[in-house]
């Protein structure tokens with residue numbers, strides 16, 4: 001009796017640049033990013049376990065996340081939820097760049113981030129204030145990483161432009177073309193720029 005090995009279905013759902021159209025991929029990414037943004041925003045505004053309602057001496061109502069009583073766990077939740085929200089906002093902003101109403105999308109997403117920050121400040125106990133700098137760093141992390149990636153790519157493209165027309169594959173550590181191995185002096189690189 002021979003065992004029949006089934007065909008894997010995973011490749012059928014993976015991105016294939018030869019088969020998938022850019023519009024379809026962009027739309028799928030926008031749907032996923034919007035779903036992640038909605039879920040993480042809601043989790044920040046209404047944290048797991050809900051909130052306690054307290055009254056202070058001045059009869060002001062204070063809301064405190066119940067989950068905040070487990071300080072390390074709540075802190076991990078806030079940091080990773082914030083990273084997920086800011087990453088999904090970055091994807092939304094990037095995928096709608098140069099679209100009609102991009103400015104409005106940018107304003108809406110910035111407002112959503114401000115609302116999220118306001119909500120987590122409202123339900124987080126006052127003794128967490130020193131840890132908010134890490135949450136702000138978590139919010140900025142995806143934007144900083146993307147900027148660094150663009151900076152490295154820009155620098156690599158600048159180096160490519162300094163090579164001869166025949167050898168645009170880059171300069172190695174010994175200052176030679178990677179393709180043909182010919183030495184490129186600093187003067188010839190400056191002449192070509």
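Each reported figure results from applying straightforward, stated rules to the coordinates on display, with no laboratory input. As the structure is a prediction and not an experimental result, all values here were calculated from the model. Using ideal geometry, Cβ is built from the backbone for each residue, glycine included, and neighbour counts are taken over all protein chains shown.
Testing the spin-label approximation: label points 7 Å from Cα along Cα→Cβ at residue 73 and residue 16. State their distance in nm.
4.5
Determine the principal axes of the Cα atoms in the stretch 13-88, then give the extent along each, sorted from largest to smallest and rounded to whole angstroms.
Projected onto the principal axes, the Cα atoms of the stretch 13-88 cover 66, 24, 17 Å.
Once you place label points 7 Å from the Cα toward the Cβ at residue 158 and residue 106, how far apart are they in nm?
Result for the modelled spin labels: 2.3 nm.
So, R0 is 22 Å and r is the distance between the beta-carbons of residue 31 and residue 114; what FRET efficiency does that work out to, to 0.05?
0.35
Bin by bin, in steps of 10 Å, what percent of the Cα pairs in the stretch 35-139 do you find, going until the bin that has the longest distance?
Whole-percent P(r) values from 0 Å outward: 14, 44, 27, 12, 3, 0.
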